[in-house]
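Chemist: A single structure is presented below for examination.
The values are calculated or read from the model by the stated rules, or taken from the named source; none is laboratory data. Values in this document were obtained by computation on a predicted structure and should not be read as measured data. Cβ: placed from backbone, ideal geometry, glycine included. Neighbour counts: every protein chain shown.
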Amino acid sequence: MASFEQESLNYHKARNEFEGNGKIGTLITKPCDTVAELAMAYSPGVAYPCLEIEKDISTAYDYTNKGNLVAVISDGTAVLGLGDIGHLSGKPVMEGKCVLFKAFAHVDAVDIEINTKDTEEIIKTVAAIADTFGGINLEDIAAPKCFEIEERLKEICNVPVFHDDQHGTAVITTAGLINVLEMSGKKAEELKVVVIGAGESGIACANMYKALGVKNITMLDSKGVIHTGRTDLNKQKAAYAIDTEDRTPADAARNADMILGLSGPEQITQDMVRSMADNPIIFACANPIPEIMPDLAKEVRDDLIMGTGRSDFANQVNNVLGFPFIFRGALDVRATKITENMKMAASKALAELAKEDVPDYVKKAHKRDDMSFGPDYIIPSPFDKRLLVFVSSAVAQAAVDDGVAGVTDFNVEDYKAHLQRMADNAK
């Protein structure tokens, strides 16, 4: 067994008799060391907050952990690059998502693995438990059912429902695209964008690019270009069917300003890179091996801006830049939904943060001294503690602007100061 594999297995097991297996546990936030404290924590004192919530259900945010609690829910049908491995087999991943919520945005999260693949059962189950939480993070649910599950739950539930596999990559790559547009002087409405991979992430990315102003999008699935002559398209793919003679990735890449890869290794060739427009951008997000390795792409184009899903190359497209801080902002204003405007606010905040001077601790984490806004730094580092302030405040303000926030008195500058104290306290 490879050493890293064994180290990972050991990491997930208890290291001593007092430590539990897995990666998450329960933290008690109030003292329970005396008879008086026990009486308040449970009977008889606990009856009083119960009665307050009975009178006004919104006070659950005041008397329980609802306002800082997210459920990470999966059926295990699309786990990382492992596919349909079963609900319980995906539990380590869902625990890991909970770890990231807590480590990056101080959000408590609990993983829930549902033992059914039936769309109606999943919707019914999540809807029944949603009020316990401040938000629902759907995770690793296969397309196309993930689209229906999220859309219907957004209609049913009174808390934000967010399928990160759909929207996370979209938020991050949109941030990168915003900055490339600024650097190149190109306009969104003039771009030709090619999306290789028409799953949940590809559709969500294309939707956000359209919201940014992109009009010309060519999408490909495993059978080639999605065009109006095809009769095998689901509703989501059909929305991106275009009237074109292009059929292959090489056809689509000609004169493209951007290629987004959400497919697999070696889906982008050097010839495709050569055929792109001036100052092109490629986000090759397949993991662990991207659609084209950065060294191969840059070998044929010195005007290329490149990003991947890997941490060992510049411009990492990492969903941890998004979901913890999006939920942090949504929870803190008691949002009932995560709107398109909230997602775009997150993208714009990420784009702005990338222009700021990079702190020394971030450079040290990456072992790079040359980190500054430019072709090799269009997306901020996940180690930048300012993400909490930049992204969460932008999302919270967007929720207020969209009328989906439950708070009635919101001052964004006060909130930024609160977030800064939270970030400082975590150091």
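Chemist: Given the condition surrounded by 17 or more Cβ atoms within 10 Å (Cβ to Cβ), at pLDDT 95 or above and among the hydroxyl-bearing types (Ser, Thr, Tyr), answer yes or no: does some residue in region 79-94 qualify?
Modeler: Taking every residue of region 79-94 in turn, none turns out to be surrounded by 17 or more Cβ atoms within 10 Å (Cβ to Cβ), at pLDDT 95 or above and among the hydroxyl-bearing types (Ser, Thr, Tyr).
Chemist: If I go through region 107-155 residue by residue, how many of them are within 29 Å of LEU419 (Cα to Cα) and either part of a strand (DSSP E or B) or modelled with pLDDT under 95 (or both)?
Modeler: Of the residues in region 107-155, 9 are within 29 Å of LEU419 (Cα to Cα) and either part of a strand (DSSP E or B) or modelled with pLDDT under 95 (or both).
Chemist: Would region 315-326 turn up any residue that is over 30 Å from VAL159 (Cβ atoms), over 15 Å from the mean Cα position of the chain (by Cα) and of a type outside the set (A, V, I, L, M, F, W, C)?
Modeler: Yes, because at least one residue in region 315-326 is over 30 Å from VAL159 (Cβ atoms), over 15 Å from the mean Cα position of the chain (by Cα) and of a type outside the set (A, V, I, L, M, F, W, C).
Chemist: Filter region 25-57 for residues that are of a type in the set (D, E, K, R) and surrounded by 10 or more Cβ atoms within 10 Å (Cβ to Cβ); which is farthest from LYS13 (Cα to Cα)?
Modeler: Filtering first and then ranking leaves GLU52.
Chemist: Name the pairs: first residue in region 151-172 and free of Cβ contacts under 8 Å to residues at least 40 places away in the same chain and surrounded by fewer than 24 Cβ atoms within 10 Å (Cβ to Cβ), second residue polar (S, T, N, Q) and assigned to a helix (DSSP H, G or I), Cβ to Cβ under 7 Å, at least 6 apart or on different chains?
Modeler: As it stands, the answer is GLN166/SER201, since those pairs meet every condition given.
Chemist: State the number of residues belonging to region 129-140 that are closer than 17 Å to GLU95 by Cβ and within 16 Å of the chain's Cα centre (by Cα).
Modeler: Here the count works out to 5.
Chemist: Now, a different point. Just the residues that are surrounded by fewer than 23 Cβ atoms within 10 Å (Cβ to Cβ) and in a loop (DSSP other than H, G, I, E, B), please, taken from region 262-282.
Modeler: GLY264, PRO265, GLU266, GLN267, THR269, SER275, ALA277, ASP278, ASN279
Chemist: Follow-up question, since we're still on this one. Considering only region 372-389, I want to know if a residue exists there that is within 26 Å of ALA60 (Cβ to Cβ) and within 17 Å of the chain's Cα centre (by Cα).
Modeler: yes
Chemist: Inside region 105-121, can you point out the residues that are free of Cβ contacts under 8 Å to residues at least 12 places away in the same chain and either assigned by TED's automatic domain parsing to the domain that holds LEU331 or surrounded by 13 or more Cβ atoms within 10 Å (Cβ to Cβ) (or both)?
Modeler: GLU121
Chemist: It is to be established whether one or more residues within region 369-387 are closer than 17 Å to ASN179 by Cα and assigned to a helix (DSSP H, G or I).
Modeler: Among the residues of region 369-387, at least one is closer than 17 Å to ASN179 by Cα and assigned to a helix (DSSP H, G or I), which makes the answer yes.
Chemist: Another one. Give region 221-254 a look and list any residue that's closer than 24 Å to ILE282 by Cβ and exposed (fewer than 13 other Cβ atoms within 10 Å of the Cβ), or say none.
Modeler: Those that are closer than 24 Å to ILE282 by Cβ and exposed (fewer than 13 other Cβ atoms within 10 Å of the Cβ): SER222, LYS223, GLU245, THR248.
Chemist: Considering every residue within region 260-273, establish whether at least one is in contact with an Asp or Glu (Cβ under 6 Å, 6 or more places away or on another chain) and of a type in the set (A, V, I, L, M, F, W, C).
Modeler: So far as region 260-273 goes, yes, one or more of its residues are in contact with an Asp or Glu (Cβ under 6 Å, 6 or more places away or on another chain) and of a type in the set (A, V, I, L, M, F, W, C).
Chemist: Kindly indicate the residue of region 399-427 that is outside any helix (DSSP H, G or I) and under 24 Å from the mean Cα position of the chain (by Cα) and also farthest from PRO160 (Cα to Cα) among those meeting that condition.
Modeler: So the residue we want is LYS427.
Chemist: Every residue in region 283-333 that is assigned to a helix (DSSP H, G or I), buried (at least 24 other Cβ atoms within 10 Å of the Cβ) and of a type in the set (S, T, N, Q), please.
Modeler: none
Chemist: Please note which helices (runs of 4 or more DSSP H) are completely contained in region 1-88 and include at least 2 residues that are in contact with a helix residue (DSSP H, G or I) (Cβ under 8 Å, 6 or more places away or on another chain).
Modeler: Where helices (runs of 4 or more DSSP H) fall fully within region 1-88 and carry at least 2 residues being in contact with a helix residue (DSSP H, G or I) (Cβ under 8 Å, 6 or more places away or on another chain), they are 47-55, 60-63.
Chemist: As an exercise: evaluate GLY199 against (1) farther than 17 Å from ILE282 by Cα; (2) at pLDDT 95 or above; (3) not aliphatic (A, V, I, L, M) and give the number of the one condition it does not meet.
Modeler: (2)
Chemist: Continuing with the same structure: Among the residues of region 240-248, are any out of contact with any Gly (no Cβ under 7 Å at 6 or more places or on another chain) and among the hydrophobic types (A, V, I, L, M, F, W, C)?
Modeler: For region 240-248, residues out of contact with any Gly (no Cβ under 7 Å at 6 or more places or on another chain) and among the hydrophobic types (A, V, I, L, M, F, W, C): present.
Chemist: Still on this structure, please answer the following. Can you tell me how many residues within region 197-214 are closer than 27 Å to PHE373 by Cα and either in contact (Cβ under 8 Å) with a residue 12 or more places away in the chain or among the polar types (S, T, N, Q) (or both)?
Modeler: The number of residues fulfilling the criteria is 12.
Chemist: Additional query: Counting only residues that are surrounded by fewer than 20 Cβ atoms within 10 Å (Cβ to Cβ) and either under 28 Å from LEU353 (Cβ atoms) or of a type in the set (S, T, N, Q) (or both), how many does region 127-149 have?
Modeler: 1
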